[in-house]
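Just so you know, all these numbers are worked out from the coordinates, no wet-lab data involved. Predicted, not measured: the structure shown is a model, and the values here were computed from it. Quick reminder, even Gly has a Cβ in these numbers, built from the backbone with ideal geometry, and neighbours come from all protein chains shown.
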Amino acid sequence: MPDKRKHRGAAPGDDKLFSKAQEAMLATAVDHLSWLFDHGYAENASLKLVGDRFSLLSRQRTAIRRCAAPQAAVKRRIERQLSTEDIAGKTLHVDGFNLLTTIEVALSRGVLFLGRDQAIRDMASMHGSYRKVQETLPAFDLIASFVSKLGLAGIHWYFDKPVSNAGRLSGILRDHATTHEWGCPLEVSVVPDPDRTLIDQSEPTVSADRLILDEGPRWFNLAHKLVESLPDLWLLDLSKTHAQDVVIKNN
């Protein structure tokens, strides 16, 4: 069935699955899942164990998996995060779909999550195809406005070649750069494997992808800085446990 979405917003039922009342329980589930990762338990088995213990539905399980991480990985990611002062004069290498969809979700009033590593994550899933939505150009506007003040030497976006419409989106971004101030030269590439391309960079990356954060160079938390000032932001903080506030359901 063709993707006819006009927004990158909430799915039906998200208002209940990810209400503020669910935040403490989901954060504690993230903490439990991270503990299992710390002790060497397999990912799928750990997710099932925690999901069943907290009676989580499928989308809630996806959310806690995206936010959980072993403590050693969390510590390393936070230590390698760069400030705005650190990136002045550098070229940022951007995980294009990762950043763009997060900002589209934020502007669509969809749900976002703060993970243990302080990266912002969303529930968007492209399933091999990208569709431009009403928030796409406003997202580029927001990113450009912020980036133009950073004193960068350049910004290089990478989109996944296997994703349908990646080439069309790269053209939209290039056109945007001809009419909007980015404050530095902008490049756009469509590559077979952006993860590997970003991991191999020597200059800072922008991504919330755990593989890139763990194996790549130091990173700049651009999505977090972009969304923190947005009005009516739907953000659940799953970065720390709220165990004292949680009553676990008995199945």
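For the pair R109 and A72, how long in nm is the line joining their label points, each one 7 Å along Cα→Cβ? Distance between label points: 4.4 nm. Find how much the distance from D15 to E228 grows on full extension, using 0.36 nm per residue of separation minus their present alpha carbon separation; answer in nm with one decimal. Extra length from D15 to E228 when fully extended: 74.7 nm.
With springs connecting C-alpha atoms under 10 Å apart, model the chain as a Gaussian network and identify which of N44, N165, N98 has the largest mean-square fluctuation. It is N44.
With both partners inside the stretch 114-251, how many of the DSSP beta bridges are antiparallel, as a percent to the nearest 5? Mind showing how you got there, number by number?
Values: 1 of 10 bridges.
Rounded to the nearest five, the antiparallel share is 10 percent.
Find the relative contact order for the stretch 73-245 and round it to a whole percent, using C-alpha pairs within less than 8 Å whose residues are 6+ positions apart.
Values: 293 pairs, mean separation 59.7, N = 173.
Relative contact order of the stretch 73-245: 34 percent.
For the stretch 73-245, what does the alpha-carbon gyration tensor say about shape, rounded, prolate or oblate, given a ≥ b ≥ c as the root eigenvalues, a/c under 1.5 as rounded, and a/b over b/c as prolate? Here the stretch 73-245 falls in the rounded category. Here the chain carries DSSP beta bridges of which approximately 15% are antiparallel, counting only pairs with both residues inside. For the pair the stretch 62-85 and the stretch 19-38, the centres of their Cα atoms are 15 angstrom apart.
Between V191 and N165, the simple label model (points 7 Å from Cα in the Cβ direction) yields a spacing of 2.4 nm.
Would you mind ranking R77, R53, R66 so that the residue whose beta carbon has the fewest other beta carbons within 10 Å leads the list?
Details: R77 22, R53 15, R66 18.
So the residues, fewest neighbours to most, are R53, R66, R77.
Shape verdict for the stretch 97-190, please, from the Cα gyration tensor: rounded (a/c under 1.5), prolate (a/b greater than b/c) or oblate. Oblate, since a/c reaches 1.5 and b/c is not below a/b. Applying a threshold of 28 Å to the alpha-carbon distances of K16/K240; K75/K132; K6/K161; K6/K149; K20/K225 flags K75/K132; K6/K149 as lying beyond it. Beta-bridge orientation, the stretch 44-181: approximately 35 percent antiparallel, per DSSP, counting only bridges with both partners inside.
Under the rule a/c < 1.5 gives rounded, and otherwise a/b versus b/c splits prolate from oblate, where does the stretch 1-149 land using the Cα gyration tensor? Intermediate results must be reported in sequence, preceding the final value.
Details: a/c = 2.14, a/b = 1.22, b/c = 1.76.
In terms of gyration-tensor shape, oblate.
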